[in-house]
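Please treat every number below as a calculation from the coordinates, not as lab data. Values in this document were obtained by computation on a predicted structure and should not be read as measured data. Note that each Cβ is placed from the backbone with ideal geometry, even for glycine, and that neighbours are counted across all protein chains shown.
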Amino acid sequence: MFHLLEKRIGEAFASRIEELYGVKGATQTEQPKQSSFGEIAVPAAFQLARQLRKAPKAIAGELAEAAGSIAGVASVEIAGNGYLNVRLDRGYYGAGLLSGGEGPRAAAADKIIVEHTNINPNKAAHIGHLRNAVLGDTFVRMLRATGRNVEVQNYIDNSGVQVADVVVGFRHLENKSADDVRGLIAAPKFDYYCWDLYARISSYYAEHPEALQWRRDMLHAIEQGEGADAEMGSLVADAIVKTHLATMWRLNIVYDVLPRESEILHLKFWATAFELLKERKAIYFENEGKNKGCWVMPGSAFREGGGGEGEEDSKVIVRSNGTVTYVGKDIAYQLWKFGLLGKDFYYHKWHKYPDGHQVWASTDQPRPEAFHGKRRFGAGSRVYNVIDSRQSYLQDVVEAGLRALDFTTQADNSIHFSYEMVALSPRTCVEMGVELSEEDKRKPYVEVSGRKGLGVKADDLIDKLTEKALDEVTSRHAEETEDSRRKSARAIAIAALRYFMLKYTRNSVIAFDFGEALSFTGETGPYVQYATVRARRILGKLAERGETLPEFRSLLSREAMARQLENEDCWQLLLTASKAESAIERAVASGEPAHVARFAFDLAQGFSTFYQKFHVLDEPDAEKRTFLLWMTDYFRAQLERTLGVLGIEVPEYM
RNA sequence: GCGCCCGUAGCUCAGCUGGAUAGAGCGACUGACUUCGAAUCAGUAGGCCGGGGGUUCGAGUCCCUCCGGGCGCACCA
């Protein structure tokens, strides 16, 4: 509703401006800082002042005069030195909300691909990965909530160095056979086992550089895809991917398809991309200098303002030994995402979630259960790669690759959805018993490192949060069964975690601190849940008293709405609650899930004041009581909807 | 050296494409549970938005510069 009026008012003034001054263009609207100024402000007079060489105030006067009547608008006033402040017709607005407002939106035909999570399948997920997955998943939910068609991909680098290292660990440090590893996989916490093993082999390499030959051999064996080492590699990678999906499922995060690097290799995606790059002269063969014998992309392709004719700035795509680098594979993969490669994977069913959702994984052979044609993956019109900002250089190269191939539109639609890293606060390091170097102690935060095994594992954090939530729930609801209390505790823990990961904007470094992450008061997920639970409770009490929810539409006429909304508190609260659509749309436009989180908090805060101020069920005046009940139900619906976009569930009690 | 990001209240952070008197949470201090649940609410204190220039009707927001901090800049992924 608010969204609708913003648009209508903007358009109305745009057409008046064109009529009066012959100036075309969209007219922007704002939300005034002070509620006493009205609901929507139009600063158009300031922009026009320069072009027309006229005082803003005079222009504002003429515009206000010409405004005429706009449906839903009560008045237009001139304020300050040229603002146009619009006051809405409260009865109209309330009645509009009651009758369901905006109507359904048209479903989009084209597909947006969001790639997120992308954890190396060689160890347990940690908090850094959580930020990626929560950010990606929430953005997906935002896009879907606003009618977009989205496909979620989780790229699995199952044939890279990190997997190879863990297999080297099993083979050379532990002398394990494939069956030994199968045994470990069957036992709990295989991902934790690998976490430690990975740290061990990393430090072994540091002390015994000659052991790096093991890695090279292993990498080769895994890439070939044959032999005992390759078997162990896929065993490890597949098992770890399963643990990652399980961890993410705890957080309500699911995927549609898992494209795997092994298939990119075996199906020769790269070979096709390579031919294309050569043909269109996006890369060239270097005959001299330090990159002699390599295929490279000139630096001028991806660096601002060029500079880069020199070899210093160019990026190797194919090494002198003929193997392709990571970026090269990524270019091939990106081409596939846009359906530009002329090739596709085969797929098989990888995993079915408890709710029935099916995840597919790529495979290099046709399989009986594979599908054809109809529901192909990839071939999106826009691609969001959720990857931390440290990789922006490589992302620039990938984009430049598309551009060099003349896929300009696709390059423009390749979006690096970047975010800053999650580090550890020094205090948290101490709590975890990590010894810090003198240098690290002076830093504001310490970087997480898989190689050093330094980090907070995702499952540990979720467990810790759940236990704390369970304590809180138990202290209030000792009468409930353990199962029931655990169920609430899980929802609360996930809310705390997801909200914590979302409340910071993307390019702010999070210095992870247990104290802050474990907080359930103030601007947190549980706070928002609490407001929702309370709203539901009021409606629940109504039922307990033997009453049903009134027929709002017949009982609350437009006049009744107008009467009730004369109350300034009610009006302001309703206004806040009705901005969900507008807030989500704005957050999509700015690519900032934190804005949705912020809105959820505002909403919850609004309801909390409402709850405090009005005793709904004890209200003696019949019309007012009906109105307050409607407000309660409306808040409940908006809270639930917004929490849904954040991937947060509402517990029955807390 | 080059590129990107950050610097706003004691702490952690918001501030949408420049707009009216810069906002939250935590922490501190006052108050409010016989009430639809206090994981809450009402209130107080706390700011030269890192410094300095500029652009204009107007700058936390844009440009330049300096100072502090972080991250990148491999024939690693």
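Worth a mention:
- Unit charges at the beta carbon, dipole of region A:427-517: most positive-side option, A:509, A:478, A:433: A:509
- Kirkwood-based shape ratio for chain A, expressed as Rg/Rh from alpha carbons: 1.02
- Cα gyration tensor shape of region A:525-645, rounded if a/c is under 1.5, else prolate or oblate by comparing a/b with b/c: prolate
- Positive-end ranking of A:454, A:29, A:499 along the dipole of chain A, with charges on Cβ about the Cα centre, is headed by A:29.
- Mean Cβ count within 10 Å, highest first, over the residues of peptides A:377-384, A:111-118, A:426-433, A:69-76: A:111-118, A:377-384, A:69-76, A:426-433
- Reference-scaled alpha-carbon Rg (2.2 N^0.38 Å with N residues) for region A:7-56: 1.19
- Per DSSP, loop GluC sites (Glu not before Pro) in region A:467-536 with at most 13 further Cβ within 10 Å: A:479
- Against chain A, whose longest principal axis comes from its Cα atoms, helix A:269-279 is set at around 90 degrees.
- Kirkwood hydrodynamic radius (C-alpha pairs) into Stokes-Einstein, region A:2-88, 10 °C and 1.306 mPa s, D in µm²/s: 125
- Highest average packing first - A:599-606, A:448-455, Cβ atoms within 10 Å: A:599-606, A:448-455
- About the Cα centre, charge dipole magnitude for region A:427-517 (Lys/Arg +1, Asp/Glu -1 at Cβ), debye: 420
- Calculated on the Cα set of region A:401-470, radius of gyration then Dmax: 19.3, 56 Å.
- Sequence of A:151, A:275 once ranked by neighbouring C-beta atoms within 10 Å, starting from the fewest: A:275, A:151
- The separation of region A:502-546 from region A:417-435, counted between C-alpha centres, amounts to 24 Å.
- Its Cα centre serving as origin, chain A has a Cβ charge dipole (Lys and Arg +1, Asp and Glu -1) of approximately 960 debye.
- Column: log10 I(q)/I(0), Debye, Cα scatterers of region A:427-517, q = 0.24, 0.25 Å⁻¹: -1.22, -1.28
- Computed [θ] at 222 nm, deg cm²/dmol, chain A (DSSP H ≥ 4; -39,500 (n - 2.57); rounded to nearest 500): -16000 deg cm²/dmol
- Remark: region A:177-270 carries a charge dipole of roughly 340 debye about the Cα centre, counting +1 on each Lys and Arg Cβ and -1 on each Asp and Glu Cβ.
- Expressed as a fraction of 2.2 N^0.38 Å, the C-alpha radius of gyration for region A:163-215 is 1.12.
- Centre separation in Å (Cα based) which lies between region A:174-216 and region A:245-297: 26
- Helix A:622-645 and the longest principal axis of the C-alpha atoms of chain A enclose an angle of approximately 20°.
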